[in-house]
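Here is the structure we will look at.
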Amino acid sequence: AIASLNDFFYVGQAPEIDGEVLETMDMLLNRFHAHKQGIMAAKARKGKNGPIENWHIPKLEFLQSVVPAIQASGVPLQWSADVTEHAHITLIKDPASNTNNQNYEPQIVRHLDRKDKLRQFNLATAMSSAGVDFRQDYSDALARLQDDDDDGDGEPSRLVNSTSQLLDLIDPVVRLAGTGRKKVDYFRTSSLLAAGTFPEAPTPFRTFAAPDNSTAFHLNRDHVGRRLQLDAAAALFKIPDLLCALQTYLHRHQESSHLSWLEIGGRIPVANTHLPFDKIEVWHSVRIQSRSFHSQDNILEPETVNAAPPDSHWEMGRRDMVIVNQDLKYKWPKSGIEGHTICQLCMIFRVVPKDGRPAPPGTAGFLAYVQRFDIVPQRINKRNVICPEPAAGMYQLKRAGRVGGSQMGDIIPLDRLRVAVELTPCFGKTANPCLTKENSLDYSDDFWLSKWFNKELFWALSQGGKGTPE
């Protein structure tokens, strides 16, 4: 019941809603009402004086009118109160913070008046510097411009008849429209680097995009600390099979220069255990930027994904969870989980070739060591099906392990990462009191993949098995 209600809230916030989405919302609300008695039976609906034996909640009763309202007025997102709430901050709270806490109204009005005068002065000086010409009569303006050209003295005036043209021409001291913070675009930076716009940039480029251009990555220019010997790196990050994973990774790339399918966890017996390099450079985090589910042209804010070694707070290291692309035929986020897997990012590094030697195949870019998590199949109609657990509506995961009990990890190209995710341990009836936010991933074996981590992830994971190859 709770999962259905959460899904209802998330689905209703989509920027695009069609008939199929409305049917889904109706189904989710009906499912909640069909199973809400379970909440009563568990005495989970409580107030100050104990359990409440009714569902007299006005906001809950109001939900039945959401779908008809969307059909009549469009998506709810267009009626967001964010603009008016922001106006209250800029027009009331910020000016009030500059007063002496007495006679607020006249001081706020005076503040806004002076701020408006500064804005008008900024606009006028920017227009004058750009040679902008506003005329009521367009034909008369063209004649005047022709006269200016005939005189040949000074800069010619520029005729402007729209706000967009004006904003493109002027260069004000203070930004006149939109947010003052410019969105970072790693996709554009990576394309400029690939085109050779910045010839002095260090290689491999610290900003780059995935092969399918679904995700962009950014690393700090300099690696963390000194270059590490392979044995030292394995000990520092507590990755005992690092050398074996590197040997397997190089062996795969010797057999095929381009791997469409990414193997994670398999081991290939390698006769030659010698590696053509002995040092690596490591990074403790990477910035990942992806595209919106509903509009591939809309890039999202980048997020930081950590892969730091153990310290006094993080016993096994700060290792974030990520979705990794295994099959390049499936493009995130439209594919959903199809063609992807869940991994824990343990280390980010770059191979340092020995002096005078070329980089071994597959090591020219940045690499990552990850540990795999497998989706637990659900028993449906006497068949094992890869799908979310029916009651919770979330994928159930289990840490992948080898026969000897060690965790299943492997080396992959860093550009196969797609997005950060959040796992919640399956606590059961009682949670282990020893678990903390720093060690819960390391001392648990069974997890839930939280699809409510953010709305973009929810829409992608809600695809289920509907993902199709590109």
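The values are calculated or read from the model by the stated rules, or taken from the named source; none is laboratory data. What you see is a predicted model; the values in this text were computed from it and never measured. Every residue, glycine as well, gets a Cβ built from its backbone with ideal geometry; the counts of neighbours run over all protein chains shown.
Laid out as a table, the results:
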quantity: Out of LEU29, LEU77, sole residue that is surrounded by 11 or more Cβ atoms within 10 Å (Cβ to Cβ), in contact (Cβ under 8 Å) with a residue 40 or more places away in the chain and within 27 Å of LYS455 (Cβ to Cβ); calculated: LEU77
quantity: Unmet requirement for ASN6, which otherwise passes all of (1) surrounded by 13 or more Cβ atoms within 10 Å (Cβ to Cβ); (2) touching a His at 6+ places or on another chain (Cβ under 8 Å); (3) within 30 Å of GLN296 (Cβ to Cβ); calculated: (2)
quantity: Boolean, GLY225 is in a loop (DSSP other than H, G, I, E, B), more than 30 Å from LYS183 (Cβ to Cβ) and either among the polar types (S, T, N, Q) or in contact with a helix residue (DSSP H, G or I) (Cβ under 8 Å, 6 or more places away or on another chain) (or both); calculated: no
quantity: Residue within segment 40-57 that is hydrophobic (A, V, I, L, M, F, W, C), within 26 Å of LYS455 (Cα to Cα) and outside any loop (DSSP other than H, G, I, E, B) present; calculated: no
quantity: Strands (runs of 3 or more DSSP E) completely within segment 273-344 that count 2 or more residues being under 26 Å from SER444 (Cβ atoms), aliphatic (A, V, I, L, M) and in contact with a Lys or Arg (Cβ under 9 Å, 6 or more places away or on another chain); calculated: 303-308, 321-325
quantity: Criterion (within 25 Å of the chain's Cα centre (by Cα) and part of a loop (DSSP other than H, G, I, E, B)) met by exactly one of ASP442, ASP415; calculated: ASP442
quantity: Candidates VAL376, VAL352, filtered to the one that is of a type in the set (A, V, I, L, M), over 27 Å from GLU456 (Cα atoms) and either loosely packed, with under 12 Cβ neighbours inside 10 Å or out of contact with any Pro (no Cβ under 8 Å at 6 or more places or on another chain) (or both); calculated: VAL352
quantity: Check on ASN122, at pLDDT 60 or above, touching a Pro at 6+ places or on another chain (Cβ under 6 Å) and at negative phi; calculated: yes
quantity: Sole residue being of a type in the set (A, V, I, L, M) and modelled with pLDDT of 90 or more, chosen from ALA177, ALA143, ALA233; calculated: ALA233
quantity: Residues of segment 347-385 classified as β-branched (Val, Ile, Thr) and within 24 Å of the chain's Cα centre (by Cα), total; calculated: 3
quantity: Unmet requirement for THR207, which otherwise passes all of (1) in contact with a helix residue (DSSP H, G or I) (Cβ under 6 Å, 6 or more places away or on another chain); (2) closer than 17 Å to VAL419 by Cβ; calculated: (2)
quantity: Options ARG221, ARG188; residue that is surrounded by 13 or more Cβ atoms within 10 Å (Cβ to Cβ) and among the charged types (D, E, K, R); calculated: ARG188
quantity: Matching residues, segment 281-319, being surrounded by 22 or more Cβ atoms within 10 Å (Cβ to Cβ) and farther than 15 Å from ALA216 by Cβ; calculated: PHE293, ALA307, GLY317, ARG319
quantity: Residue match in segment 337-344 (condition: touching a Gly at 6+ places or on another chain (Cβ under 9 Å), at pLDDT 95 or above, hydrophobic (A, V, I, L, M, F, W, C) and on the phi < 0 side of the Ramachandran plot); calculated: yes
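Residue-by-condition table, conditions (1) in contact with a helix residue (DSSP H, G or I) (Cβ under 8 Å, 6 or more places away or on another chain); (2) under 30 Å from ARG227 (Cβ atoms); (3) touching a residue at least 24 places away in the same chain (Cβ under 8 Å); (4) charged (D, E, K, R):
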{"site": "GLN378", "(1), (2), (3), (4)": "no, no, no, no"}
{"site": "ALA391", "(1), (2), (3), (4)": "yes, no, yes, no"}
{"site": "GLY405", "(1), (2), (3), (4)": "no, no, no, no"}
{"site": "GLY409", "(1), (2), (3), (4)": "yes, yes, yes, no"}
